[in-house]
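Heads up: the structure comes next, in C-alpha coordinates.
The values are calculated or read from the model by the stated rules, or taken from the named source; none is laboratory data. Just so you know, these numbers come straight off a predicted model, no measurement behind them. In this analysis, Cβ positions are derived from the backbone assuming ideal geometry, glycine residues included, and neighbour counts consider all displayed protein chains. Note: accessible area is taken over every heavy atom of the protein model, side chains too, but ligands, DNA and RNA are not part of it. Shrake-Rupley method; radii C 1.70, N 1.55, O 1.52, S 1.80 Å.
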Amino acid sequence: MDDLLITNSNLVSAQGIAEKDVLITGKRIRQIDDDLQHKPAKRVVDAKGKFLIPGMIDDQVHFREPGLTHKADIATESRAAIAGGITSFMDMPNVDPPTLTVEMLEKKYQIASNRAHANYAFYMGASNHNLEEIKRVSKNLACGVKVFMGASTGNLLVDSDEALEGIFEHAAVPVITHCEDSPLIGKNLKKYQREYGDDIPVEFHPVIRSEEACYKSSLKAVNLAKRHGTQLHVLHLSTAKELELFTQGDIENKSITAEVCVHHLFFNAADYATHGALIKCNPAIKNAHDQEGLLRAVVDDRIDIIATDHAPHLLEEKRGNYLTSPAGIPLVQHALLSLMEHYHDGLLSMEKIVEKTSRNVAKRFSVVDRGFIDEGYFADMVLIDASRPFTVTDDNILYKCGWSPFKGYTFRSMIDTVVLNGQVVFEEGQVTDTPFLGESLQLDR
(Lines give C-alpha, C1' and ligand atoms only; values in the text may rest on other atoms or scores of the structure.)
Protein backbone atom coordinates (compact mmCIF):
# COMPACT_ATOMS: atom_id res chain seq x y z
CA MET A 1 0.00 0.00 0.00
CA ASP A 2 1.24 3.48 -0.86
CA ASP A 3 1.59 6.07 1.88
CA LEU A 4 -0.23 9.12 0.52
CA LEU A 5 -2.57 9.86 -2.36
CA ILE A 6 -3.45 13.42 -3.34
CA THR A 7 -6.49 13.52 -5.61
CA ASN A 8 -8.13 16.09 -7.88
CA SER A 9 -5.35 18.67 -7.52
CA ASN A 10 -4.74 21.51 -9.95
CA LEU A 11 -1.11 20.55 -10.47
CA VAL A 12 1.08 23.44 -11.65
CA SER A 13 3.92 22.40 -13.94
CA ALA A 14 6.02 23.81 -16.75
CA GLN A 15 3.38 22.49 -19.15
CA GLY A 16 0.57 24.42 -17.46
CA ILE A 17 -2.14 23.56 -14.94
CA ALA A 18 -3.99 20.24 -15.11
CA GLU A 19 -6.14 18.21 -12.74
CA LYS A 20 -3.98 15.34 -11.54
CA ASP A 21 -3.68 12.72 -8.82
CA VAL A 22 -0.30 12.19 -7.16
CA LEU A 23 0.72 8.95 -5.45
CA ILE A 24 3.54 8.98 -2.89
CA THR A 25 5.51 6.05 -1.51
CA GLY A 26 8.00 6.72 1.23
CA LYS A 27 9.73 10.04 0.57
CA ARG A 28 9.16 10.11 -3.18
CA ILE A 29 6.49 10.56 -5.83
CA ARG A 30 5.68 7.19 -7.36
CA GLN A 31 3.03 8.08 -9.91
CA ILE A 32 1.20 11.06 -11.41
CA ASP A 33 -1.90 10.45 -13.51
CA ASP A 34 -5.41 11.65 -14.29
CA ASP A 35 -7.13 9.10 -12.05
CA LEU A 36 -5.37 7.13 -9.34
CA GLN A 37 -8.28 6.90 -6.94
CA HIS A 38 -8.41 3.13 -7.36
CA LYS A 39 -4.92 2.88 -5.82
CA PRO A 40 -4.93 1.91 -2.12
CA ALA A 41 -3.12 4.39 0.13
CA LYS A 42 -2.77 4.81 3.88
CA ARG A 43 -4.01 8.37 3.56
CA VAL A 44 -5.97 10.24 0.90
CA VAL A 45 -6.09 14.03 0.61
CA ASP A 46 -8.79 15.48 -1.63
CA ALA A 47 -7.30 18.61 -3.23
CA LYS A 48 -10.29 19.58 -5.36
CA GLY A 49 -10.08 23.22 -6.41
CA LYS A 50 -6.62 23.75 -4.91
CA PHE A 51 -3.28 24.40 -6.56
CA LEU A 52 -0.58 21.79 -6.02
CA ILE A 53 2.92 23.25 -6.39
CA PRO A 54 6.45 22.17 -5.48
CA GLY A 55 7.59 23.40 -2.10
CA MET A 56 9.43 26.70 -2.34
CA ILE A 57 13.22 26.46 -2.16
CA ASP A 58 14.29 29.69 -0.47
CA ASP A 59 17.88 30.41 -1.46
CA GLN A 60 18.34 33.28 0.99
CA VAL A 61 17.52 33.14 4.69
CA HIS A 62 19.16 34.27 7.92
CA PHE A 63 18.11 31.80 10.61
CA ARG A 64 20.64 33.29 13.08
CA GLU A 65 22.15 30.05 14.39
CA PRO A 66 24.74 29.80 15.88
CA GLY A 67 25.29 32.79 18.13
CA LEU A 68 22.27 35.03 17.48
CA THR A 69 19.52 32.73 18.68
CA HIS A 70 17.77 35.35 20.81
CA LYS A 71 16.36 36.58 17.47
CA ALA A 72 15.73 33.26 15.72
CA ASP A 73 17.07 29.75 15.33
CA ILE A 74 16.99 26.94 12.82
CA ALA A 75 14.15 25.11 14.59
CA THR A 76 11.79 28.07 14.99
CA GLU A 77 12.34 29.63 11.58
CA SER A 78 12.23 26.38 9.62
CA ARG A 79 8.93 25.63 11.36
CA ALA A 80 7.60 29.02 10.23
CA ALA A 81 8.94 28.29 6.75
CA ILE A 82 6.98 25.02 6.60
CA ALA A 83 3.81 26.91 7.54
CA GLY A 84 4.52 29.20 4.60
CA GLY A 85 5.07 26.43 2.06
CA ILE A 86 8.87 26.67 2.05
CA THR A 87 10.20 23.12 2.20
CA SER A 88 13.91 23.86 1.66
CA PHE A 89 16.15 26.74 2.68
CA MET A 90 19.70 27.96 2.11
CA ASP A 91 21.11 29.81 5.10
CA MET A 92 23.59 32.68 5.11
CA PRO A 93 26.99 32.86 6.85
CA ASN A 94 26.59 36.06 8.92
CA VAL A 95 26.13 34.28 12.24
CA ASP A 96 28.38 34.27 15.31
CA PRO A 97 31.03 33.15 14.65
CA PRO A 98 30.66 33.78 10.92
CA THR A 99 30.91 30.80 8.57
CA LEU A 100 34.37 31.56 7.20
CA THR A 101 35.99 28.14 7.50
CA VAL A 102 35.15 24.68 6.22
CA GLU A 103 34.94 23.49 9.83
CA MET A 104 32.33 26.13 10.69
CA LEU A 105 30.36 25.20 7.59
CA GLU A 106 30.36 21.53 8.56
CA LYS A 107 29.28 22.47 12.08
CA LYS A 108 26.19 24.25 10.73
CA TYR A 109 25.17 21.10 8.88
CA GLN A 110 25.60 19.15 12.10
CA ILE A 111 23.41 21.62 14.00
CA ALA A 112 20.67 21.43 11.36
CA SER A 113 20.68 17.64 11.24
CA ASN A 114 18.46 17.42 14.31
CA ARG A 115 16.92 20.90 14.38
CA ALA A 116 15.56 21.58 10.90
CA HIS A 117 11.87 21.13 10.08
CA ALA A 118 12.70 21.79 6.40
CA ASN A 119 15.48 20.66 4.07
CA TYR A 120 18.64 22.71 4.30
CA ALA A 121 21.91 23.86 2.78
CA PHE A 122 24.45 26.46 3.90
CA TYR A 123 26.67 29.08 2.34
CA MET A 124 30.36 29.54 2.90
CA GLY A 125 31.15 33.14 3.80
CA ALA A 126 33.83 35.28 2.17
CA SER A 127 36.10 37.85 3.74
CA ASN A 128 39.12 39.82 2.66
CA HIS A 129 41.36 37.09 4.08
CA ASN A 130 39.85 33.59 3.67
CA LEU A 131 40.49 32.74 0.03
CA GLU A 132 42.38 29.57 0.99
CA GLU A 133 39.34 28.34 2.92
CA ILE A 134 37.11 29.07 -0.07
CA LYS A 135 39.43 26.97 -2.23
CA ARG A 136 39.01 24.08 0.24
CA VAL A 137 35.21 23.98 0.07
CA SER A 138 33.72 20.94 -1.62
CA LYS A 139 31.51 21.98 -4.51
CA ASN A 140 28.83 19.61 -3.24
CA LEU A 141 28.91 20.89 0.35
CA ALA A 142 28.37 24.65 0.16
CA CYS A 143 25.43 25.84 -1.92
CA GLY A 144 27.54 28.91 -2.75
CA VAL A 145 30.08 31.43 -1.52
CA LYS A 146 28.36 34.52 -0.13
CA VAL A 147 30.17 37.77 -0.86
CA PHE A 148 28.97 40.89 0.93
CA MET A 149 30.17 43.63 -1.42
CA GLY A 150 28.50 46.13 0.88
CA ALA A 151 26.29 46.31 3.98
CA SER A 152 27.63 43.61 6.23
CA THR A 153 28.80 43.27 9.79
CA GLY A 154 32.11 42.24 11.29
CA ASN A 155 34.69 40.81 8.92
CA LEU A 156 32.27 39.58 6.24
CA LEU A 157 32.49 42.77 4.17
CA VAL A 158 34.72 42.13 1.15
CA ASP A 159 35.96 45.55 0.04
CA SER A 160 39.42 44.57 -1.18
CA ASP A 161 39.70 44.44 -4.97
CA GLU A 162 42.47 41.85 -4.66
CA ALA A 163 40.26 39.63 -2.51
CA LEU A 164 37.34 39.96 -4.91
CA GLU A 165 39.50 39.04 -7.89
CA GLY A 166 40.70 35.93 -6.07
CA ILE A 167 37.22 34.84 -5.03
CA PHE A 168 35.73 35.29 -8.49
CA GLU A 169 38.66 33.46 -10.06
CA HIS A 170 38.89 30.47 -7.72
CA ALA A 171 35.42 29.74 -6.30
CA ALA A 172 34.36 26.22 -7.28
CA VAL A 173 30.72 26.94 -6.39
CA PRO A 174 28.48 29.83 -7.47
CA VAL A 175 29.45 33.24 -6.10
CA ILE A 176 26.44 34.85 -4.44
CA THR A 177 26.61 38.61 -3.96
CA HIS A 178 24.98 41.32 -1.90
CA CYS A 179 25.64 44.37 -4.06
CA GLU A 180 25.72 47.84 -2.52
CA ASP A 181 28.59 50.33 -2.62
CA SER A 182 29.54 51.09 0.98
CA PRO A 183 31.61 54.26 0.36
CA LEU A 184 28.72 55.85 -1.55
CA ILE A 185 26.24 54.84 1.15
CA GLY A 186 28.53 56.34 3.77
CA LYS A 187 28.71 59.59 1.84
CA ASN A 188 24.91 59.75 1.54
CA LEU A 189 24.46 58.97 5.23
CA LYS A 190 26.77 61.80 6.31
CA LYS A 191 24.72 64.24 4.25
CA TYR A 192 21.51 63.35 6.11
CA GLN A 193 23.25 63.22 9.49
CA ARG A 194 24.37 66.79 8.97
CA GLU A 195 20.76 67.77 8.35
CA TYR A 196 18.89 65.56 10.85
CA GLY A 197 21.45 64.33 13.37
CA ASP A 198 20.26 61.04 14.88
CA ASP A 199 16.64 61.65 13.83
CA ILE A 200 16.85 60.81 10.14
CA PRO A 201 13.34 59.91 8.86
CA VAL A 202 13.25 56.29 7.71
CA GLU A 203 11.75 57.50 4.41
CA PHE A 204 15.28 58.51 3.41
CA HIS A 205 16.53 54.92 3.63
CA PRO A 206 16.16 54.28 -0.14
CA VAL A 207 17.91 57.59 -0.83
CA ILE A 208 20.84 56.81 1.46
CA ARG A 209 21.12 53.24 0.18
CA SER A 210 20.50 54.60 -3.27
CA GLU A 211 19.91 53.31 -6.76
CA GLU A 212 23.41 54.46 -7.67
CA ALA A 213 24.94 52.51 -4.77
CA CYS A 214 23.17 49.33 -5.89
CA TYR A 215 23.93 49.75 -9.59
CA LYS A 216 27.60 50.57 -9.06
CA SER A 217 28.17 47.41 -7.00
CA SER A 218 26.09 45.12 -9.22
CA LEU A 219 27.98 46.37 -12.27
CA LYS A 220 31.26 45.57 -10.54
CA ALA A 221 30.12 42.03 -9.71
CA VAL A 222 28.90 41.37 -13.24
CA ASN A 223 32.14 42.66 -14.76
CA LEU A 224 34.20 40.49 -12.40
CA ALA A 225 32.14 37.43 -13.34
CA LYS A 226 32.52 38.11 -17.06
CA ARG A 227 36.27 38.55 -16.69
CA HIS A 228 36.78 35.32 -14.75
CA GLY A 229 33.98 33.18 -16.20
CA THR A 230 32.40 32.93 -12.75
CA GLN A 231 29.03 31.42 -11.98
CA LEU A 232 27.44 34.51 -10.39
CA HIS A 233 24.07 34.94 -8.71
CA VAL A 234 23.19 38.50 -7.65
CA LEU A 235 20.82 38.61 -4.71
CA HIS A 236 17.82 40.84 -3.98
CA LEU A 237 17.78 43.35 -6.81
CA SER A 238 15.91 46.44 -5.69
CA THR A 239 16.10 48.86 -8.63
CA ALA A 240 14.83 48.92 -12.18
CA LYS A 241 18.17 50.32 -13.35
CA GLU A 242 20.10 47.20 -12.33
CA LEU A 243 17.98 45.11 -14.68
CA GLU A 244 19.94 46.36 -17.69
CA LEU A 245 22.89 44.29 -16.41
CA PHE A 246 21.02 40.99 -16.87
CA THR A 247 19.74 39.07 -19.86
CA GLN A 248 16.39 37.50 -20.59
CA GLY A 249 16.01 33.80 -21.18
CA ASP A 250 16.11 30.32 -19.69
CA ILE A 251 18.19 30.02 -16.53
CA GLU A 252 19.92 26.94 -17.91
CA ASN A 253 21.61 29.12 -20.53
CA LYS A 254 22.96 31.68 -18.06
CA SER A 255 26.14 31.90 -16.00
CA ILE A 256 25.05 35.22 -14.46
CA THR A 257 21.63 35.18 -12.80
CA ALA A 258 19.51 37.59 -10.76
CA GLU A 259 17.09 37.39 -7.88
CA VAL A 260 14.36 39.53 -6.38
CA CYS A 261 12.84 39.18 -2.92
CA VAL A 262 9.17 39.10 -2.03
CA HIS A 263 9.23 42.36 -0.06
CA HIS A 264 10.70 44.33 -2.97
CA LEU A 265 7.78 43.06 -5.05
CA PHE A 266 5.13 43.73 -2.40
CA PHE A 267 6.15 47.04 -0.81
CA ASN A 268 7.42 50.34 -2.17
CA ALA A 269 8.68 53.61 -0.69
CA ALA A 270 5.15 54.85 0.05
CA ASP A 271 4.86 52.10 2.68
CA TYR A 272 7.49 53.66 4.96
CA ALA A 273 4.79 56.12 6.08
CA THR A 274 2.78 53.31 7.71
CA HIS A 275 5.39 50.62 8.39
CA GLY A 276 8.41 52.73 9.31
CA ALA A 277 11.53 50.79 10.27
CA LEU A 278 9.60 47.51 10.24
CA ILE A 279 10.33 47.39 6.50
CA LYS A 280 13.87 48.75 6.79
CA CYS A 281 16.09 46.27 4.97
CA ASN A 282 19.27 46.23 2.90
CA PRO A 283 19.10 46.86 0.01
CA ALA A 284 16.29 49.28 0.70
CA ILE A 285 12.76 48.99 -0.60
CA LYS A 286 12.72 51.59 -3.37
CA ASN A 287 9.97 53.49 -5.22
CA ALA A 288 6.93 52.29 -7.16
CA HIS A 289 8.79 52.57 -10.47
CA ASP A 290 11.38 50.09 -9.22
CA GLN A 291 8.71 47.75 -7.82
CA GLU A 292 6.90 47.72 -11.16
CA GLY A 293 10.14 47.17 -13.07
CA LEU A 294 11.07 44.21 -10.89
CA LEU A 295 7.67 42.59 -11.41
CA ARG A 296 8.02 42.99 -15.19
CA ALA A 297 11.49 41.46 -15.04
CA VAL A 298 10.11 38.39 -13.28
CA VAL A 299 7.61 37.95 -16.08
CA ASP A 300 10.09 38.48 -18.92
CA ASP A 301 12.73 36.20 -17.35
CA ARG A 302 15.37 38.83 -16.74
CA ILE A 303 15.00 37.93 -13.06
CA ASP A 304 15.44 34.20 -12.51
CA ILE A 305 14.65 33.51 -8.85
CA ILE A 306 12.35 34.85 -6.11
CA ALA A 307 13.50 34.48 -2.48
CA THR A 308 12.79 36.00 0.93
CA ASP A 309 16.01 37.26 2.58
CA HIS A 310 14.22 36.35 5.82
CA ALA A 311 16.14 38.32 8.47
CA PRO A 312 14.40 38.57 11.85
CA HIS A 313 15.20 41.07 14.60
CA LEU A 314 13.49 41.66 17.92
CA LEU A 315 10.64 44.14 17.81
CA GLU A 316 12.29 46.36 20.42
CA GLU A 317 15.37 46.54 18.19
CA LYS A 318 13.30 47.55 15.18
CA ARG A 319 11.63 50.32 17.21
CA GLY A 320 14.88 52.25 17.57
CA ASN A 321 15.63 55.34 15.52
CA TYR A 322 16.83 55.14 11.93
CA LEU A 323 20.50 54.75 12.87
CA THR A 324 19.97 52.09 15.55
CA SER A 325 17.14 50.05 14.01
CA PRO A 326 18.69 46.99 12.32
CA ALA A 327 17.90 46.13 8.72
CA GLY A 328 15.93 42.97 8.09
CA ILE A 329 12.40 41.55 7.91
CA PRO A 330 10.91 38.16 8.93
CA LEU A 331 9.23 36.76 5.80
CA VAL A 332 9.30 32.96 5.31
CA GLN A 333 5.83 32.27 6.70
CA HIS A 334 4.10 34.73 4.36
CA ALA A 335 6.30 34.81 1.26
CA LEU A 336 4.21 32.54 -0.98
CA LEU A 337 1.01 34.22 0.17
CA SER A 338 2.44 37.62 -0.80
CA LEU A 339 3.25 36.26 -4.26
CA MET A 340 -0.28 34.93 -4.55
CA GLU A 341 -1.50 38.53 -4.23
CA HIS A 342 0.25 39.26 -7.53
CA TYR A 343 -1.51 36.20 -8.98
CA HIS A 344 -4.89 37.54 -7.86
CA ASP A 345 -4.02 40.92 -9.38
CA GLY A 346 -3.20 39.28 -12.72
CA LEU A 347 0.49 40.23 -12.58
CA LEU A 348 2.05 36.78 -12.04
CA SER A 349 0.81 33.42 -13.28
CA MET A 350 0.94 30.34 -11.11
CA GLU A 351 3.39 28.81 -13.57
CA LYS A 352 5.71 31.81 -13.21
CA ILE A 353 5.55 31.71 -9.40
CA VAL A 354 6.50 28.03 -9.42
CA GLU A 355 9.28 28.58 -11.93
CA LYS A 356 10.92 31.33 -9.86
CA THR A 357 10.46 29.83 -6.38
CA SER A 358 11.29 26.17 -6.99
CA ARG A 359 12.26 24.94 -10.45
CA ASN A 360 14.83 27.64 -11.20
CA VAL A 361 16.33 27.44 -7.72
CA ALA A 362 16.86 23.70 -8.13
CA LYS A 363 18.47 24.27 -11.51
CA ARG A 364 20.72 27.14 -10.41
CA PHE A 365 22.06 25.35 -7.36
CA SER A 366 22.09 21.83 -8.85
CA VAL A 367 19.70 20.48 -6.21
CA VAL A 368 19.06 16.78 -6.72
CA ASP A 369 15.47 15.56 -7.22
CA ARG A 370 13.66 18.57 -5.73
CA GLY A 371 11.91 21.65 -7.07
CA PHE A 372 9.62 19.71 -9.42
CA ILE A 373 6.53 17.55 -9.01
CA ASP A 374 7.74 14.65 -11.14
CA GLU A 375 7.75 10.91 -10.72
CA GLY A 376 10.82 9.80 -8.78
CA TYR A 377 11.37 13.19 -7.16
CA PHE A 378 11.12 13.86 -3.44
CA ALA A 379 7.57 14.62 -2.37
CA ASP A 380 7.98 18.25 -1.26
CA MET A 381 4.65 19.83 -2.16
CA VAL A 382 2.23 22.57 -1.17
CA LEU A 383 -1.52 22.82 -1.57
CA ILE A 384 -2.70 26.43 -1.90
CA ASP A 385 -6.36 27.36 -1.54
CA ALA A 386 -6.69 30.49 -3.69
CA SER A 387 -10.32 31.03 -2.69
CA ARG A 388 -9.89 31.09 1.07
CA PRO A 389 -8.47 34.23 2.77
CA PHE A 390 -5.91 34.27 5.57
CA THR A 391 -5.40 37.16 8.02
CA VAL A 392 -2.06 37.57 9.78
CA THR A 393 -2.52 37.99 13.54
CA ASP A 394 -0.35 37.82 16.64
CA ASP A 395 -1.84 34.39 17.35
CA ASN A 396 -0.71 32.78 14.09
CA ILE A 397 2.75 34.35 13.62
CA LEU A 398 5.35 31.62 14.16
CA TYR A 399 8.61 33.58 13.98
CA LYS A 400 10.65 33.56 17.16
CA CYS A 401 10.78 37.37 17.03
CA GLY A 402 6.96 37.35 17.20
CA TRP A 403 6.09 40.00 14.61
CA SER A 404 5.48 40.42 10.90
CA PRO A 405 5.22 43.44 8.59
CA PHE A 406 2.04 41.76 7.29
CA LYS A 407 0.27 41.82 10.66
CA GLY A 408 -3.37 42.74 10.10
CA TYR A 409 -3.17 42.06 6.36
CA THR A 410 -5.68 39.65 4.83
CA PHE A 411 -4.22 37.61 2.01
CA ARG A 412 -6.65 36.29 -0.58
CA SER A 413 -5.14 32.78 -0.41
CA MET A 414 -4.01 30.43 2.30
CA ILE A 415 -1.56 27.56 2.66
CA ASP A 416 -3.75 24.49 2.98
CA THR A 417 -1.38 21.52 3.26
CA VAL A 418 2.39 21.01 3.11
CA VAL A 419 4.11 17.71 2.37
CA LEU A 420 7.83 17.28 3.16
CA ASN A 421 9.74 14.18 2.16
CA GLY A 422 6.44 12.35 1.72
CA GLN A 423 4.88 13.31 5.06
CA VAL A 424 2.14 15.82 5.78
CA VAL A 425 3.81 18.42 8.01
CA PHE A 426 1.24 21.24 7.87
CA GLU A 427 -2.54 21.05 7.72
CA GLU A 428 -5.58 22.85 9.11
CA GLY A 429 -3.47 25.88 9.96
CA GLN A 430 -1.01 23.97 12.14
CA VAL A 431 2.46 22.50 11.81
CA THR A 432 2.01 18.83 12.68
CA ASP A 433 3.65 17.32 15.73
CA THR A 434 6.33 15.42 13.83
CA PRO A 435 10.06 14.99 14.45
CA PHE A 436 12.60 17.08 12.55
CA LEU A 437 12.23 15.71 9.04
CA GLY A 438 14.44 18.11 7.13
CA GLU A 439 17.31 16.61 5.17
CA SER A 440 20.53 18.06 3.82
CA LEU A 441 20.01 19.08 0.20
CA GLN A 442 22.03 16.98 -2.21
CA LEU A 443 23.96 19.06 -4.74
CA ASP A 444 25.26 17.51 -7.97
CA ARG A 445 27.99 19.63 -9.53
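Points worth noting:
- Dipole of the stretch 48-151, positive direction: furthest Cα of SER113, MET149, THR99, with charges on the beta-carbon: SER113
- Between HIS334, HIS117, HIS228, the GNM of the chain built on Cα springs shorter than 10 angstrom shows HIS228 fluctuating the most.
- Cα gyration tensor, the stretch 182-298 - rounded (a/c under 1.5), prolate or oblate: oblate
- Most fluctuating residue given options LYS108, LYS356, LYS407, as computed from a GNM of the chain linking Cα atoms under 10 Å: LYS407
- Farthest positive-ward along the stretch 288-424 dipole, Cα basis, beta-carbon charges - from GLY402, VAL418, LEU315: LEU315
- Relative contact order, percent, the stretch 36-193 [alpha-carbon distance under 8 Å, six or more residues apart]: 17
- Accessible surface calculations at 1.4 Å, restricted to protein heavy atoms, place the chain at 37 Å² per residue.
- P(r) tail for the chain: Cα pairs beyond 29 Å make up 43% of the total.
- DSSP beta bridge pairing in the chain, given as percent antiparallel to the nearest 5: 50
- Across the accessible surface of the chain, with the other protein chains kept in place and a 1.4 Å probe, carbon and sulfur atoms take up 46 percent.
- ALA273/ASN396 FRET efficiency (R0 35 Å; Cβ-Cβ; nearest 0.05): 0.85
- Note on the stretch 361-414: Cα Rg divided by 2.2 N^0.38 Å, N the number of residues, gives 1.59.
- Choice from ASP433, ASP198, ASP369 with maximal GNM fluctuation in the chain (Cα, 10 Å cutoff): ASP433
- Order by protection proxy (mean Cβ within 10 Å, highest first), peptides 54-65, 272-283: 54-65, 272-283
- For the chain, excluding the exposed loop sites themselves (GluC sites (Glu not before Pro), DSSP loop, at most 13 other Cβ atoms within 10 Å), the longest remaining stretch covers 1-374.
- Helix-derived mean residue ellipticity, 222 nm - over the chain, DSSP H n ≥ 4, -39500 (n - 2.57), to 500: -7500 deg cm²/dmol
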